[in-house]
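Reading through the structure tokens given below for one structure.
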Amino acid sequence: MNQKFTAIKTFIALLIIAIFLLSSCKKDQLTVDQEKIFSQTDFKASTNPYDSGWQLTLKPDGVAEILPGGDVWWRGTYKISGSLITVKADNVTYKFEILSKTEIKDKTYGVVLRLK
């Protein structure tokens with residue numbers, strides 16, 4: 001009888017832990033309920049009009065506009081999964097790590113962008 005009770009308590013404890021872990025997984029760290037514009041934080045303006053910092057615009061309908069430096073904007077789509085934003089534009093994929101609700105970081109070049 002005592003072994004049965006211990007087995008039931010163990011099962012319930014494991015079930016509670018599993019539910020907790022599953023409910024805490026994959027929560028998106030950023031929600032886009034209105035247009036959000038992120039700009040490069042450490043960009044130093046130059047005299048070249050075609051040289052600009054990074055900028056990323058996220059729209060609620062899943063559309064993204066990205067300016068990866070330079071002067072050409074690319075339009076594409078984005079997906080947020082947990083702490084990762086994946087932007088696909090013009091056959092190129094950009095990945096950003098969500099640092100906070102106001103800052104993201106490009107995973108390839110390490111460029112930090114801040115919400116305007």
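Checking P68, P60 one by one, the residue that is under 21 Å from R114 (Cβ atoms), out of contact with any helix residue (DSSP H, G or I) (no Cβ under 7 Å at 6 or more places or on another chain) and at pLDDT 95 or above is P60 and no other. Conditions: (1) in a strand (DSSP E or B); (2) under 17 Å from V111 (Cα atoms). G70 meets all but one. Number of the miss? Exception for G70: condition (1). Given the criteria within 15 Å of the chain's Cα centre (by Cα) and either among the small types (G, A, S) or closer than 15 Å to Q40 by Cα (or both), does G70 qualify? No: the conditions fail for G70.
In segment 99-106, the condition of being among the acidic types (D, E) and part of a strand (DSSP E or B) is met by at least one residue.
Per the listing D71, D106, the residue uniquely within 23 Å of N48 (Cβ to Cβ) and surrounded by 12 or more Cβ atoms within 10 Å (Cβ to Cβ) is D106. In segment 81-89, the condition of being free of Cβ contacts under 8 Å to residues at least 40 places away in the same chain, under 12 Å from the mean Cα position of the chain (by Cα), over 16 Å from D28 (Cβ atoms) and surrounded by 13 or more Cβ atoms within 10 Å (Cβ to Cβ) is met by no residue.
The values are calculated or read from the model by the stated rules, or taken from the named source; none is laboratory data. Just so it is clear, the model here is predicted, and its values are computed rather than measured. As a convention, Cβ positions derive from the backbone with ideal geometry for all residues, glycine included, and neighbour counts pool all protein chains shown.
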